[in-house]
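Notes follow once the structure below has been shown.
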C-alpha cells in the first residue's frame, strides 16, 4: 500500500564531497602551498625553479596569493566535506585552470621545460579543466532530491554588489586573455602577453565566484569562498606594498587597482560582520 505522505528529501548533510574530489583536494593542498612559498615568500627561488621565471615581483606575488587562497579552499573541502559549503567553487576553479592551460599552450616556448615544476604545471592545467567539471556534475546530481540548507540569505544589495563585481572582473579576465595588448598598455605594472593571460586566470576565478554567490544567495555557499578570497586579496594588498616599485604611481590605474582591492577586502569583512549579526 502506498503511503499518503509525500516522499521526504534526504538531509543536506548527507550530500558529501565524493572520494575522487577528496583525493584531488588532498593532492592539491601541498602543491598549492609549495607554489605559494616559491612565488610569494621566496620569489627568487621561484624565479630559479618555478615553471618559468615569473617577473616582475608583483605578478609573482599575486599568483602566489591566489594559490594560498586555493589551498585554503581545498583544505575546507577535506575538513567540511559538505557539498553545500564548496559546490560553488569548482566551476570557477575549472575556468581558472582552463585559462592557465590556454596560456601554457599559447606560450609553450616561454616555459622552462627542464624544470619539474613545469611538468606539474602542464599536467594540472591541461587535464584538470577536462575532468573537474565531470566530477562536479556527478557530485551535484546527488542534490536532486535534497533541500539544501542555506544557513541564512545574503541581503539583496550584497548580492547585487557581488554580481556587479563579478561582471567587472569577468570582463577584465576576458580582455586579458583575448586582447592582452589592450590591457598591457594601461596596466599598473609591466606585463607581457604571457603574464597578462596568467593575470586573466586570477580575475576569472573571483569573477565567476562573485556571479555564483549573487545567483545562489545563500550564506552556506558563500562563507568559505569569501574567506578564501579574503586570504588571497589580503596577501595581494601586502604585495602591493612590498612590490610598490613595480607600479607606475603616476598612472590612475595603479590607484584604481590598489583602491579596488582594498574596497573588495573591506566589503568581504563587512559581509562577514553582517551575516554574523543576522
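Just so you know, all these numbers are worked out from the coordinates, no wet-lab data involved. The shown structure was predicted, so the numbers you read here are calculated from the model rather than taken from an experiment. Counting neighbours? That spans all protein chains shown, and the Cβs are built from the backbone with ideal geometry, glycine included.
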Calculate, in whole percent, how much of the Cα-Cα pair population of the chain lies beyond 27 Å. 40
For the chain, what does the helix formula give at 222 nm: sum of -39500 (n - 2.57) over DSSP H segments with n ≥ 4, over the residue count, nearest 500 deg cm²/dmol? -24000 deg cm²/dmol
Relative contact order (percent, whole number), the chain, Cα cutoff 8 Å, 6+ residue spacing: 24
With Cα coordinates, the longest principal axis of the chain makes an angle with the long axis of helix 19-36, in degrees rounded to 10, of 30
In 5 Å bins starting at 0, how do the alpha-carbon pair distances of the range 39-144 split up by percent? 2, 11, 17, 22, 19, 13, 9, 5, 2, 0
Translational diffusion coefficient (Stokes-Einstein; Kirkwood radius from C-alpha pairs) of the range 176-252 at 37 °C, 0.692 mPa s, in µm²/s: 230
If you line up the Cα atoms of the range 31-82 on their principal axes, what length do they span on each, largest first, in Å? 39, 17, 15
Rounded to 10°, Cα long-axis angle of helix 57-80 versus longest principal axis of the chain: 20
Between residue 142 and residue 251, how many nm apart are label points set 7 Å from Cα along the C-beta direction? 4.7
Please report, to one decimal in angstroms, the Kirkwood hydrodynamic radius of the range 92-180 built from all distinct Cα-Cα pairs. 16.2
Could you work out how far the C-alpha centroid of the range 12-51 sits from that of the range 79-153, in angstrom? 12
In degrees from 0 to 90, rounded to the nearest 10, what is the angle of the helix 116-140 Cα long axis to the longest principal axis of the chain? 20
